[in-house]
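The values are calculated or read from the model by the stated rules, or taken from the named source; none is laboratory data. This one's a predicted model, so the numbers in the text were calculated from it and none came from an experiment. Glycine gets a Cβ as well: all are built from the backbone with ideal geometry, and neighbour counts include every protein chain shown. Note: accessible area is taken over every heavy atom of the protein model, side chains too, but ligands, DNA and RNA are not part of it. Shrake-Rupley method; radii C 1.70, N 1.55, O 1.52, S 1.80 Å.
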Amino acid sequence: MKLATVFSGIGAIEKSLHRLGKDYEIVFACDNGDVELNLLSGEDLEEYTRLTKLRSKKQLRDAADISKLENLGKKENDIAEGIRSQICSMNSKIEKKRFVDALYANNSRKTNFVKKAYMANYGHKLSEDDFHLDIRFLDGRDYRQDNIDLLVGGSPCQAFSAVGAQYGLNDTRGTLFYEFARIVQETQPRVFIYENVRGLTIHDNGHTWEVMRSVFENDLNYRITKPQVLNASDYGIPQSRRRLFVIGIRDDIRCKDFVYPEPVDLQYCMQDFLEDNCAFGNFTFDKKTGDLIVKKVPGKPDKKFILTPAVQKYVLAGGTSNYKTSTQTDLKIARTLMKMMTQHHRAGVDNYITVSKDPLVLRQLSDREALRLMGYTDDFKIAVSSMQTLRQAGNSIVVDVMMAIVKQIYLTKVFE
């Protein structure tokens with residue numbers, strides 16, 4: 001199979017193919033690792049930074065500020081379009097790649113930790129020249145001749161401007177969904193898997209999904225499935241994590257219809273995945289089926305994950321007079337892992353484990369445990385800090401959910 005990914009993360013689809021024993025080749029991957037490339041400058045950049053901070057804190061309420069942020073966003077999109085045109089006029093894939101890499105090197109001092117983790121685990125299957133830093137500047141036409149079998153990716157859920165009923169690619173310009181759609185159009189994979197938040201179909205009163213559906217079916221000419229939300233706990237992983245998936249098959253390919261995988265009985269609880277009960281190296285998989293093998297060999301997670309008394313007091317607080325939250329710890333099925341779990345949210349939001357009961361001592365999930373709860377077996381190399389690994393795990397797709405989808409795709413005989 002020839003695989004390509006955008007918003008690649010740490011390789012959930014790659015890990016799922018590995019566990020399933022499928023032979024695959026990585027054509028390209030793309031992820032900015034949350035390293036933002038600021039295309040604005042001077043006063044525009046200062047104002048954009050100020051307004052986006054207000055938005056992130058949900059304090060952007062002034063109509064003038066909202067309009068100003070929209071205009072600055074459009075200005076940045078125009079600059080990006082100019083850069084894309086410049087890149088597309090270049091003669092070779094390598095020249096384009098070097099140009100974009102230089103943009104990042106000259107405009108950001110941040111490290112792309114996602115790329116470090118990805119290449120540490122899949123670098124034997126992918127050249128550095130085919131790991132791209134920005135989907136906006138990735139020219140998919142350079143890979144059209146590679147005959148990609150499967151393209152996997154997602155994008156942030158963004159609202160689109162309503163332009164009557166004239167939905168299409170032009171309505172999505174300036175959004176990252178447009179970039180995903182453009183890559184599909186330029187590379188023409190046999191199949192794509194699109195992943196997003198579970199509320200996508202009701203976002204913006206359903207308008208967002210209606211635009212996406214029209215683009216997939218009318219502009220890109222793909223037969224798509226009805227979006228379906230799949231929960232990790234229904235596919236072998238003791239975590240409550242619901243994500244929406246859409247499968248697209250190119251119109252010219254004759255095959256069976258895709259059917260979403262049926263849920264299976266959950267064999268494990270969160271405690272089975274903890275290093276206390278399964279020491280490193282004992283969280284593996286069956287080479288014939290891909291199923292998890294969890295051996296009960298006692299171990300000890302690093303003490304650095306134990307909460308300080310002050311943090312423990314905070315996370316166990318039941319809230320305020322206006323906000324109440326659960327203080328339950330040691331759940332059988334983990335709460336949704338988030339990329340911001342390093343910030344120690346209260347117990348009703350994050351996952352905490354008892355180290356000792358007298359006196360009560362708690363710890364957070366270790367980086368290895370977080371990876372396990374996303375379906376990454378212990379052969380996955382941790383190549384960055386614990387904080388970065390926890391963030392990456394919280395951003396990932398669950399491997400076992402992806403495995404269940406891949407099995408169903410193979411049943412359609414789309415690759416034959």
Criterion: part of a strand (DSSP E or B), charged (D, E, K, R), buried (at least 19 other Cβ atoms within 10 Å of the Cβ) and in contact (Cβ under 8 Å) with a residue 12 or more places away in the chain - qualifying residue of ARG368, ARG391, ARG363: ARG363
When you check ILE405 against the structure, is it closer than 20 Å to TYR235 by Cβ and either modelled with pLDDT of 95 or more or assigned to a helix (DSSP H, G or I) (or both), yes or no? yes
Go through (1) of a type outside the set (Ser, Thr, Tyr); (2) surrounded by fewer than 16 Cβ atoms within 10 Å (Cβ to Cβ); (3) part of a helix (DSSP H, G or I) and name the single condition ASN38 misses. (3)
Kindly indicate the residue of the stretch 179-202 that is in contact with a helix residue (DSSP H, G or I) (Cβ under 7 Å, 6 or more places away or on another chain) and modelled with pLDDT under 90 and also least open to solvent (accessible area, probe 1.4 Å) among those meeting that condition. LEU200
The condition from (1) assigned to a loop (DSSP other than H, G, I, E, B); (2) touching a residue at least 24 places away in the same chain (Cβ under 8 Å) that GLN328 misses is numbered (2)
Could you please tell me which pairs satisfy a Cβ distance under 7 Å, a separation of 6+ or placement on different chains, a first residue in the stretch 281-302 that is touching a residue at least 60 places away in the same chain (Cβ under 8 Å), and a second residue that is aliphatic (A, V, I, L, M)? ASN282/VAL297; PHE283/VAL294; THR284/ILE293; PHE285/LEU292; PHE285/ILE293; GLY290/LEU20; GLY290/MET403
Can you name the strands (runs of 3 or more DSSP E) wholly within the stretch 226-291 that have at least 3 residues being crowded, with 21+ Cβ neighbours inside 10 Å? 242-250
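This table checks each residue for (1) aromatic (Phe, Trp, Tyr); (2) farther than 16 Å from THR389 by Cβ; (3) over 27 Å from the mean Cα position of the chain (by Cα).
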| position | (1), (2), (3) |
| --- | --- |
| LYS324 | no, yes, yes |
| THR329 | no, yes, no |
| MET341 | no, no, no |
| TYR352 | yes, yes, no |
| SER356 | no, yes, yes |
| LEU362 | no, yes, yes |
| GLU369 | no, no, no |
| LEU373 | no, no, no |
Please verify whether the stretch 7-20 includes one or more residues that are of a type in the set (Gly, Ala, Ser), surrounded by 15 or more Cβ atoms within 10 Å (Cβ to Cβ) and touching a Cys at 6+ places or on another chain (Cβ under 8 Å). yes
Just a yes or no: is a residue in the stretch 117-140 within 30 Å of THR412 (Cβ to Cβ), surrounded by fewer than 16 Cβ atoms within 10 Å (Cβ to Cβ) and at pLDDT below 90? no
Candidate set: the stretch 316-349, residues that are at pLDDT 95 or above, open to solvent by less than 40 Å² (accessible area, probe 1.4 Å) and among the hydrophobic types (A, V, I, L, M, F, W, C); chosen: the one farthest from VAL114 (Cα to Cα): LEU331
Which members of the stretch 41-53 meet the condition of being assigned to a helix (DSSP H, G or I) and not acidic (Asp, Glu)? GLY42, LEU45, TYR48, THR49, ARG50, LEU51, THR52, LYS53
